[in-house]
1. Over what distance in Å are the Cα centres of the range 128-163 and the range 40-105 separated?
2. What value, in deg cm²/dmol to 500, does the helix sum -39500 (n - 2.57) over DSSP H runs of n ≥ 4 give at 222 nm once divided by the residues of the chain?
3. Order Arg110, Arg57, most accessible first, counting only protein heavy atoms with a 1.4 angstrom probe.
4. Can you give the charge dipole size of the range 54-196 about its Cα centre, rounded to the nearest 20 debye, using +1 on the beta carbon of Lys and Arg and -1 on the beta carbon of Asp and Glu?
5. Using Cα pairs closer than 8 Å and at least 6 residues apart in sequence, work out the relative contact order for the chain, in percent.
6. Would you calculate the convex hull of the Cα atoms in the range 2-225 and tell me its volume per residue in Å³?
7. Pick out, from Met123, Leu37, Ile179, the residue whose Cα sits farthest towards the positive end of the charge dipole of the range 2-225, with +1 on the Cβ of Lys and Arg and -1 on the Cβ of Asp and Glu.
8. Taking 0.36 nm per residue of separation and subtracting the Cα-Cα distance, what length does fully extending Thr78 through Lys211 add?
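The values are calculated or read from the model by the stated rules, or taken from the named source; none is laboratory data. The shown structure was predicted, so the numbers you read here are calculated from the model rather than taken from an experiment. Virtual Cβ from ideal backbone geometry, glycine too; neighbours counted across all protein chains shown. Ligands, DNA and RNA are stripped out before the accessible areas are found, and what is left, the full protein with its side chains, is counted by its heavy atoms. Shrake-Rupley method; radii C 1.70, N 1.55, O 1.52, S 1.80 Å.
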Amino acid sequence: KLVSKMANAVGSSKVDLTRPFTVIVEGNIGSGKTTFLNHFNKYDNVAMFAEPIEMWRNCNGYNLLDLMYKDTAKWSFTFQSYVQLTMLRQHTYKTSHPVKLMERSIYSARYCFVEKMARDGLMPTPSVAVIDKWFKYITENEDVGVDLIVYLRTFPEVVYERILKRNRSEERTVPFEYIKALHVMHEDWLYNKKTHSCPAPVIVLDANLDKSVIEEEYEKYEPHILNKLP
Ligand code: DCP
């Protein structure tokens, strides 16, 4: 259903409307972004854009996600360049739906992941400069605007456990230290608001809750997300 909805959203590109109310869902690896998107799949007025992870896993037959984890210093730039392209595509897909819900964004790619790689010296400064030139060009010339950010806030311990449990093959080598550091990147950007500017207001959800009760947390914020505040 998710796929067909996406296809509908993409297929309607001829309907040239102004940007829909655009919501991006952010949070650490394993914070439950996919579950969050699935919850909103039942609404016909929402166009869903799941993360293009399958594209990262197969770029002309190359699994860039896997290469990036296996040898980050060698492949970080290649991987993040492709992430930036796929995110640009998600942001600029036209849709006639009044609400657009996206898993992640070009912003978290730059402000959390590229930032972390740069700080660790795992992406050389000239490569960061190229990513930034593209980022600046895109944000100044393309409509990658956002109206609301949903931050799925978690404890690093909780998501680390989920990552171990789901056992995604590329993520087998991810150390707890990396998850803790990514947590800080998200916190400083979206919660403490001390590193990069937020492209939209932020709603913070407690995403530590178990799947069985998290739906209630989602429902609390539905009017915000569906742009139906009185
Ligand atoms: N990733 C990355 N750089 C980015 C975006 C993602 O290195 N700019 C990596 C981190 C993960 C994988 O891609 O290994 C997918 O990460 P996400 O956190 O975006 O997606 P999840 O599937 O973990 O989300 P969730 O579990 O919250 O549904």
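1. One Cα centre to the other: 11 Å.
2. Values: 11 runs with 109 residues, N = 230.
Result for the chain, helices only: -14000 deg cm²/dmol.
3. Arg57, Arg110
4. Using Cβ point charges on Lys, Arg, Asp and Glu, the range 54-196 gives about 140 debye.
5. Numbers: 317 pairs, mean separation 65.7, N = 230.
Once divided by the residue count of the chain, the mean separation gives 29 percent.
6. Numbers: hull volume 28.3 nm³, N = 224.
Hull volume over Cα atoms, normalised by residue count, gives 126 Å³.
7. Met123
8. Values: separation 133, 0.36 × 133 = 47.88 nm, distance 3.44 nm.
Stretched fully, the Thr78-Lys211 segment lengthens by 44.4 nm.
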